Amino acid sequence: MGKKQVLLPAEEVDISAVKYQPQNIKAPHLMGLALKLFVWLVESPLIGSIILSAMKKRNNVNQLLRNTEIPEKPMFRPEFPPPLPETGIESFDEDQEPIERVGKALGCLIPYDPSQRFHDDSPPFLYWRIRDFAYAYRSKRATPSVVAEHIISVVEEYNRKKPPIPLLISFNAEEVRKQAAASTQRFEEGNSLSILDGIFMAIKDDIDCYPYPSKSGTSWLHDVRVVGKDAVCVSRLRSCGVILIGKANMHEMGMGTTGNNPNHGTSRNPHSYDRYTGGSSSGPAALVASGLCSAAIGTDGGGSVRIPSSLCGIVGLKTTYGRIDMKGSVCDCGTVEVASPLAATVEDAMIVYSAVAGSSLDDNISLRPPPICLPKLSAINNSDILRSVRLGKYSEWFNDVYSPEISTKCEDILNRLSEIFGCRTIEIILPEQQEMQVAHVVSIGSESLCALNPDCEDGWGTKLSLDTRVSFALFKSFSAADYVAAQRLRRRIMYYYMEAFKKVDIIVTPTTGITAPKIPSSSLKYGESDYEVTSYLMRFILAGNLLGLPAISVPVGHDKEGLPIGLQLIGRPWGEATILRVASVVEELCCGSRKRPSSFYDVLKGNNQINFFVLLFDFCQKPENKNLEASSGDIEKEKKFSFGLTSPISVPPKQQLRQA
C-alpha cells in the first residue's frame, strides 16, 4: 500500500517549481563472456524475470508505468497542432517531382563561386560539397567514373583490414561502375538529370536499395525479407541521378547507439580509429565524415542520425515524423522513426532533403503536413529573420554532460549567435525528462518487438547479437498496460514542448552528453552492453523521436582530444526551414574550428600524392582527348539553376588548373 502516485494534469503543473531530474541509467557494463552469461540469464524464464524486474525497479520504470495515475489520454503517434507560418522560405508541393524540388532548393542557397574552391589562393575547406562535384563534372575537371574508382579502391581497402571494419555491409564494385558510367555519359551528352547527378551516396542497411539485400546489420534478416525494389526515398534519389554505392554498416537492428557490430565488423570514427562512430547509423556517418560520400541516408528512431553525426563531426538532419515516406525501410511501421540525411554541410543536407521529402498517403491523410519548406539563405532579409529568432535553453538540462567542454562549446555558439546575428536566448523549463526516457524506450521497444516477433518465434532471435538480445529481453518484459501508460506520457510531454514553443522558435541543446567513446578491444567479437554510455549519448535526443519534432545536429568544434562536438537545434513540427536557417549560420560561425578527420579521402582529386588535376590537364593535352576540354562558352550554356548561380560559371585558366 502507499505506492500509488497521482500526476496533476500537465496544464496544471507549476513549471517554475519543477526540479531537473538527471537521466542516468543504472545497469551493468558487460562485454565478452560476462555478456554471454548475462544474456543466458535474462533469457531464462524465471531468473530473467527477476533480473529485469530488479533493473526496472532500480531505474524507476515500474513506478512510472504501473504505480502512477496519468490523467492524459494516450497519444499513439505524434499529433501536431496547426503549423505556424515561417518567413523567408521557399515552399514545395509534395506532388512535385524530386528533380523539380532539387532545382528550386538550389535557388535558396547562396550563389556558388567556384573560385573559392578550385583556385590556389582559395581559403581552406573541409569537404567538397555537392555543388563542387557538379561544377567539376560540368567543367570536365572530373567524371563520375573517375571518382567512382577512387571510392571503390578505398572501400575495398577497408574490407581487407583485419579485423574487418567495413563501412559498407553490401557493396558491388561493378554496380557502382555501371551507375557512374551512365552518369558520365549523361554529362558527355549534356543531359545531366539534376545537381545530384553523379553524386555518390550510401544507404543505411535498414533501407531497401535494390539489388542489395537489407540485413539491418544482422547476419540473417535478408533470408526472411526479400528486397524487390528501392525504398521510396531511395527511388527519389535515383531519379535525380544519385550514384548509390551500397548498404552502409549499422548497429544491429538499430538497437544501439555506439555502432558496435560483431556480425559485420565495427565502423571506426574517422577522427580517431579507436573511437566509436555512434549509432545506429554508424556506416553512413563514417562514410560522409571520411569524405567518401557527400551525403547518406540513415534512419533515426532514437538519435540514430544525430548521434553519429555529432560524434563524427558532420551534419545530421532528423525530419518531422511523417515528412518522408518510410515505405521500403525495415522500420516503416513505427511511430518514432524517420529516414533522414547525413551530410558534410548544411547546404548538402538541404539539397538531399528536398529530393527525399514527401509523406506517404496514410500520413498525408492523418497528419496533414504543410508544404515542404526550405529557408531562402540568399534572401536580402535573412539577417532580419535571424534577428527575430528566439532560442530556448533549459540550463540544467543543457549542462548535464559528461565533460563541461561540451556545454561550454555549445554555450559559446549561443553567445555568438546573439552578438553577431541578434538571436535571443530565453530560459525555459521542460519537465519530466525521466518520464520521456521511459516512454520512449517502451514505445520503440514494443514496436520493434512487434515487428520482429514472427521471426523470433521461428527461431531467428537466437542469431541476434548479444546486446540486441539484452534489449529484446527487456522489451518482452513490457506489458500492454505499460505501452498505453507510455503513450499517456507522450501526450503529456507533448503539451510541455508545445507550451515552450509559444515562447521560443528553437530549443537548443548539445547533441550528445559525451564525445565519441573508446572502443574496448574485448567488445569487437561479442559486442558490448553499456547503458551508462547510452544514456549520455541519448540525453538530448528523445524529444525528436517520441514527439516527432524536427532536429538537426551541427558540428561546433572539438574537445581537448580532438573529438567533435555537436549542437542540436529542435524545431516546431514541420519547422525544418527554421532550424536549417539557424544551422547554416552556426556552420558559418564554426567553419574555422572544424578539423579534417585523420582518416580522410579526397575522392575528387584522388587520395594519393599525385595531383589529380595535373594528371587530368596532361591527359587533355593529347590530341585524341581535346574534346574533353571545356571552354568558358561551353559552361555558360549550362542551366543556371543547376549550380544555384546568378551568373555564368567562369572556368579557371589552364595554368591555374596545373598549379592546383
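Side notes on the structure shown:
- Charged-residue dipole, Cβ positions (Lys, Arg, Asp, Glu), segment 158-253 about Cα centre, Debye nearest 20: 260
- Carbon-plus-sulfur accessible fraction, segment 207-361 (probe radius 1.4 Å, protein heavy atoms only): 52%.
- Farthest toward the positive end of the dipole of the chain, out of Ala231, Tyr137, Leu589, is the Cα of Leu589, where the dipole comes from beta carbon charges about the Cα centre.
- A Cβ-based charge dipole, computed about the Cα centre of segment 304-410 with Lys and Arg at +1 and Asp and Glu at -1, lands at about 320 debye.
- For Gly358, residues with placed amide H under 5 Å, excluding near neighbours: Ile324, Asp325
- Lys, Arg +1 and Asp, Glu -1 on Cβ, resulting dipole of segment 341-496 about Cα centre, debye, nearest 20: 440
- Fraction of beta bridges assigned by DSSP in the chain that are antiparallel (%, nearest 5): 70
- Segment 515-556 and segment 462-489 have Cα centres lying 18 Å from one another.
- Distance from the C-alpha centroid of segment 420-444 to that of segment 35-93: 15 Å, rounded to the whole angstrom.
- Note that segment 478-606 presents 27 Å² accessible area per residue, ligands and nucleic acids not counted, probe 1.4 Å.
- Under 14 Å from the Cα of Lys503 - aspartates and glutamates, other chains or at least 8 residues apart: Glu427
- Listed by chain and number, the lysines whose alpha-carbon sits under 20 Å from that of Lys57, ignoring those within fewer than 8 places in the same chain, are Lys3, Lys4, Lys26, Lys476.
- The HN-Hα couplings worked out from phi for segment 24-36 by the Karplus form 6.51 cos²θ - 1.76 cosθ + 1.60 (θ = phi - 60°) are 5, 8, 9, 7, x, 8, 10, 8, x, 5, 5, 5, 4 Hz, whole numbers, x standing for Gly and Pro.
- Highest mean first, the peptides 66-78, 441-453 sorted by other C-beta atoms within 10 Å per residue fall in the order 441-453, 66-78.
- Amide H to amide H distances under 5 Å link Lys318 with Ala551, Ile552, Ser553, where only residues 5 or more positions off or on other chains count and H is placed in the peptide plane.
- Residues whose amide H lies under 5 Å from that of Val338, counting only those 5 or more places away or on a different chain, are Asp300, Gly301; hydrogens are built 1.01 Å from N in the peptide plane.
- Projecting the Cα positions of Val352, Val146, Cys240 onto the charge dipole of the chain (unit charges on Cβ atoms of Lys, Arg, Asp and Glu, taken about the Cα centre) puts Val146 furthest along the positive direction.
- The alpha carbon convex hull volume per residue for segment 224-350 rounds to 107 Å³.
- Structure-derived log10 I(q)/I(0) by the Debye sum over Cα atoms at q = 0.05 Å⁻¹: which label, when the choices are (i) -0.22; (ii) -0.26; (iii) -0.35: (i)
- Apportionment of accessible area to carbon and sulfur, segment 483-564, percent (1.4 Å): 50
- Projected area averaged over orientations for segment 136-276, convex hull of C-alpha atoms, nm²: 9.2
- Highest to lowest packing among 86-92, 258-264, 582-588, scored as the average C-beta count within 10 Å: 258-264, 582-588, 86-92
- Relative contact order computed over segment 466-619 (Cα-Cα under 8 Å; 6+ residues apart), in percent: 22
- Cα centroid separation, segment 331-353 to segment 366-401 (Å): 17
- Sequence-separation-based contact order of the chain, relative, with Cα cut under 8 Å and 6+ spacing, percent: 21
- Over 19 Å between alpha carbons, listed pairs Lys215/Lys327; Lys393/Lys560; Lys204/Lys463; Lys36/Lys204; Lys409/Lys595: Lys393/Lys560; Lys204/Lys463; Lys36/Lys204
- Think of a 1.4 Å ball rolled over the protein heavy atoms: segment 298-367 then has 17 Å² of accessible area per residue.
- Computed packing ranks the peptides 490-498, 386-394 as 490-498, 386-394, most packed first, by mean other Cβ atoms within 10 Å.
- Based on C-alpha pairs under 8 angstrom that are at least 6 apart in sequence, segment 78-227 has a relative contact order of 19 percent.
The values are calculated or read from the model by the stated rules, or taken from the named source; none is laboratory data. As the structure is a computational prediction, the values presented were derived from the model and not from experiment. Backbone-built Cβ (ideal geometry, glycine too); neighbour counts: all protein chains shown. We work out accessible area using only protein heavy atoms, side chains counted, and drop any ligands, DNA or RNA first. Shrake-Rupley method; radii C 1.70, N 1.55, O 1.52, S 1.80 Å.
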